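Comments concern the structure below.
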C-alpha cells in the first residue's frame, strides 16, 4: 500500500494523511489555505501534539505565502497566524512552534519556510531517541521482558512522525525482543486507539489486544499488564501531565498495582511557563461527539478532550534528552 506522508510540504502547500478516514480509507489532504489548515486541526484530521507543532510551523509558511498572494497587511497576517496557534489550546507544541517560526516573518518567506521545514525534520528525528531511552527504562524497571504494555490514545508515527513517543517505546521494545503484547484502549469518544493505534500496530506486525476504556483499570488490577506508557500534550513545570482523557485513571490503577507509569514526550512538550496542571487549558469539544447517536436529543455532555495526571503518579518522563524519574 502506498501510504501518504503523515505531514509534508509540497510546492508551497501542506499535504497530510487524513486521520479521520483511518483505518478504512487511506487518503491525503491537500491544504492550500489557513482556513483549510485550521479545519484539518480542529476536526482531528491532523492530530497528535508533535505533529500539531510541525503542522503549525508549516502553517506559518502557508499563511505567509497566502498573504503574499492575496495582499494581506501585517495585521491580517498576524491574526491568521494567531488563529493557527489557537486552533487547539491544550497541546503546547502547536502554539510554541507557531510562535518560533512566526518570529522569522520579518526575514522573508524563504526564511520562514526554512524554519518550518527544520521543525518538521526535528520532530521526526527526536522520536527515535525517546523510544530507545523509554524502552531501556521499562526493561530495567520491570526486571526484563517480554513485557505486556498498556497504552492509551495514539502516539506513533501518525501523532509524532518517526517512531512516535509512547508507541515508539513499544516499537523499540518489540525491536529488542522485549515485548510480549500491547493492550490498547479504544480511547473514546473518537476511538483513536481502536482506529489509529491498532492500525499502526497491525502495520508493524506487533501483537495487540483492544480494550474498552472503562475496563483498563480492572485489567491492570488483575495483573494482566506489566507497565503503562502514554504520551503527553503538555507537561507542566512541576511534572503534572495533560494527556488524552482517560489517562488519569490509568495512572491511578498503575500506582495501586505497583507497576511503572511512563510518560514519553519530546522536550518541546514540557512547558516551564505553566507551573502546574491546574493552569493548563483543557479543551472541551462538541457534545455531539458523545451524544450522537445513542443519547436522547438535547442531552448535554461534559466532553473534555484531556485530563491532568498529577506528577506524583508518574513513575518517569522520558524525552529525547533525559529521563526524569519520580523522586
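The values are calculated or read from the model by the stated rules, or taken from the named source; none is laboratory data. From a predicted model like this one, the values you see are computed outputs, not experimental measurements. For neighbour counting, all protein chains shown are included, and Cβ atoms are generated from backbone atoms with ideal geometry for every residue, glycine included.
Could you tell me which residue of region 232-252 is nearest to the chain's Cα centre (by Cα), considering only residues that are closer than 21 Å to residue 304 by Cβ and surrounded by fewer than 20 Cβ atoms within 10 Å (Cβ to Cβ)? Here the residue is 248. Scanning region 213-238 for residues that are assigned to a loop (DSSP other than H, G, I, E, B) and either closer than 29 Å to residue 143 by Cβ or in the same structural domain as residue 54 (by TED's automatic domain parsing) (or both) yields 222, 223, 224, 225, 226, 231, 232. Looking at 229, 149, 169, just one residue is farther than 26 Å from residue 303 by Cα, under 17 Å from the mean Cα position of the chain (by Cα) and crowded, with 23+ Cβ neighbours inside 10 Å, and that residue is 169.
Have a look at 253, 295, 286 and point out the one that is touching a helix residue (DSSP H, G or I) at 6+ places or on another chain (Cβ under 6 Å) and either assigned to a loop (DSSP other than H, G, I, E, B) or in the same structural domain as residue 237 (by TED's automatic domain parsing) (or both). Unique residue meeting the criteria: 253. Here is the figure for region 285-303: residues that are surrounded by 13 or more Cβ atoms within 10 Å (Cβ to Cβ) and within 30 Å of residue 237 (Cβ to Cβ) total 2. Here 36, 66, 19 are screened, and the one residue that is farther than 17 Å from residue 161 by Cβ and either touching a helix residue (DSSP H, G or I) at 6+ places or on another chain (Cβ under 7 Å) or not assigned by TED's automatic domain parsing to the domain that holds residue 86 (or both) is 66. Put simply, of 92, 98, 60 the only residue that is buried (at least 24 other Cβ atoms within 10 Å of the Cβ) and over 17 Å from the mean Cα position of the chain (by Cα) is 60. When the helices (runs of 4 or more DSSP H) confined to region 101-209 are screened for residues that are under 21 Å from residue 245 (Cα atoms) and touching a helix residue (DSSP H, G or I) at 6+ places or on another chain (Cβ under 9 Å), those reaching at least 1 such residues are found at 157-160, 166-175, 198-204. Of everything listed in (1) at pLDDT 95 or above; (2) under 10 Å from residue 239 (Cα atoms), the single unmet condition for residue 326 is (1).
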